[in-house]
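Peer 1: To start, I am sharing the structure in question, which I have written as structure tokens.
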Amino acid sequence: MFGLLFAGFAYLCFGAVVIALAAFLVGSALPIPLPIHIDATVWPPLSSWQAVIGDIGLIALFGLQHSVMARPAFKRWLTATVPAPLERAFYVLMSSVMLAPVILLWQPLPAIVWQASDPLAINLLWALYGFGWLLLVAATFMINHFELFGLAQAYRRWRHLPSPSDEFRVTWLYRYMRHPIYTGWLLIFWATPLMSVGHLLFAIGMSLYILVGIAYEERDLIAAFGDRYRDYRTRVPALIPGFKLPDLKNGG
């Protein structure tokens, strides 16, 4: 039971941090502006260069945790201490722990890069932002939402049920793009009617992390599924239906 409660706690923490991230990216546009968002902070202001270095460091720490803990070698090391069925829940919890400082400690760089003024353009960009969230959440259910966040594994451990064998399945949007979850994230990061320097830095940093993450993730998928995944990768674009990214060390 403890394992199931731990997985549920990790899931709730991640949900809370993701909701905070959604507000963080649109804080100035909310009916009640937030004291902390991508263009505002309660912390003493830093110089522009200090803010850039600090913000890049926050993104790098999150990306490092997110990538290292997803690697098979790290999972094998972790499961020497943490029960294997709780490994995914532990990963989800640590992702929440590392994403929270990005939101809370972000140093704004509020100079405007671009700002939409036409109401139609503003509404279209907000619609793309909302669609990004819809796509992201829907894509998790198109594979296995509860497996992805560690709840299914913890439930099977509690009920003493066997773990299903790994299988490679292509369902729904995954027939047209290999990483619809990442596509959703990219829309969320970039779709805004007001792009500040700080928001642009965040979008670029997170987008670069996604591209690097795809390379490592697909290397692991090839190791797990071999030619089945190689064939899938040759047929299906990574992020945009009909648009192929170049290979990034066998991962693009």
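The values are calculated or read from the model by the stated rules, or taken from the named source; none is laboratory data. As the structure is a computational prediction, the values presented were derived from the model and not from experiment. Cβ atoms come from the backbone with ideal geometry, glycine included; neighbour counts cover every protein chain shown. Each accessible area value is taken on the protein alone, full model and side chains, heavy atoms only, with ligands, DNA and RNA left out. Shrake-Rupley method; radii C 1.70, N 1.55, O 1.52, S 1.80 Å.
Peer 1: Apply the a/c threshold of 1.5 to the C-alpha gyration tensor of region 46-170 and tell me whether it is rounded, prolate or oblate. Let's see the in-between values first.
Peer 2: Numbers: a/c = 3.35, a/b = 1.57, b/c = 2.13.
Oblate is the answer for region 46-170, as a/c is 1.5 or above yet b/c matches or exceeds a/b.
Peer 1: Related question: Where only protein heavy atoms count, and the probe is 1.4 Å, what is the accessible area per residue for region 83-185 in Å²?
Peer 2: Details: 5730 Å² over 103 residues.
About 56 Å² of surface per residue is accessible.
Peer 1: What do you get when you divide the Cα radius of gyration of region 21-62 by 2.2 N^0.38 Å, with N the number of residues?
Peer 2: Working: Rg = 11.6 Å, N = 42, 2.2 N^0.38 = 9.1 Å.
Compactness ratio reported: 1.27.
Peer 1: Order of 222-230, 190-198 by packing, highest average Cβ count within 10 Å first? Don't skip to the end; give the middle numbers.
Peer 2: Working: 222-230: 13.1, 190-198: 19.7.
Result, highest mean Cβ count within 10 Å first: 190-198, 222-230.
Peer 1: Which value, in debye to the nearest 20, gives the size of the charge dipole of the chain about its Cα centre, when Lys and Arg are +1 and Asp and Glu are -1 at the Cβ? List each step's numbers first, then the result.
Peer 2: Values: 17 positive and 13 negative charges, 154 e Å.
Rounded to the nearest 20 debye, it is 740 debye.
Peer 1: Would you calculate a helix-derived [θ] at 222 nm for the chain, using -39,500 (n - 2.57) for each DSSP H run of n ≥ 4 and dividing by the full residue count, to the nearest 500?
Peer 2: So the helix-based figure for the chain works out to -21000 deg cm²/dmol.
Peer 1: Just the projected area, averaged over all directions, of the convex hull on the alpha carbon atoms of the chain: how many nm²?
Peer 2: On the way: hull surface 60.8 nm².
Averaged projected area of the chain's Cα convex hull equals 15.2 nm².
Peer 1: Using only the Cα atoms of region 16-93, construct the convex hull and provide its projected area averaged over every direction, in square nanometres to one decimal. Please report the intermediate quantities before stating the final value.
Peer 2: Values: hull surface 27.9 nm².
Averaged projected area of region 16-93's Cα convex hull equals 7.0 nm².
Peer 1: Measure off, as a whole percent, the carbon and sulfur share of the 1.4 Å-probe accessible area of the chain, all protein chains present. Before the final figure, lay out each step's value.
Peer 2: Numbers: 9830 of 13740 Å².
Of all accessible area on the chain, carbon and sulfur atoms account for 72 percent.
Peer 1: Kindly point out which whole DSSP H helices in the chain project their C-alpha atoms 18 angstrom or further along the helix axis while averaging a Kyte-Doolittle hydropathy of 1.0 or above.
Peer 2: Numbers: long enough: 2-26 (36 Å, 2.44); 48-68 (30 Å, 1.06); 87-105 (28 Å, 1.58); 119-143 (36 Å, 1.79); 197-225 (41 Å, 1.29).
Membrane-span-like by this criterion, though nothing is claimed about a membrane: 2-26, 48-68, 87-105, 119-143, 197-225.
Peer 1: Next question, about the same structure. Debye sum, Cα scatterers, region 157-252, no solvent: what log₁₀ I/I(0) at q = 0.10, 0.17, 0.21 1/Å?
Peer 2: Treating every Cα as an identical point scatterer, log10 I(q)/I(0) equals -0.35, -0.82, -1.06.
Peer 1: Rounded to the nearest Å, what's the spacing between the alpha carbon centres of region 203-247 and region 81-154? Just the number, please.
Peer 2: 19
Peer 1: Taking springs between alpha-carbon atoms closer than 10 angstrom, which of ALA40, ALA80, ALA139 fluctuates most in the Gaussian network model of the chain?
Peer 2: Evaluated over the chain, the most mobile residue of the options is ALA80.
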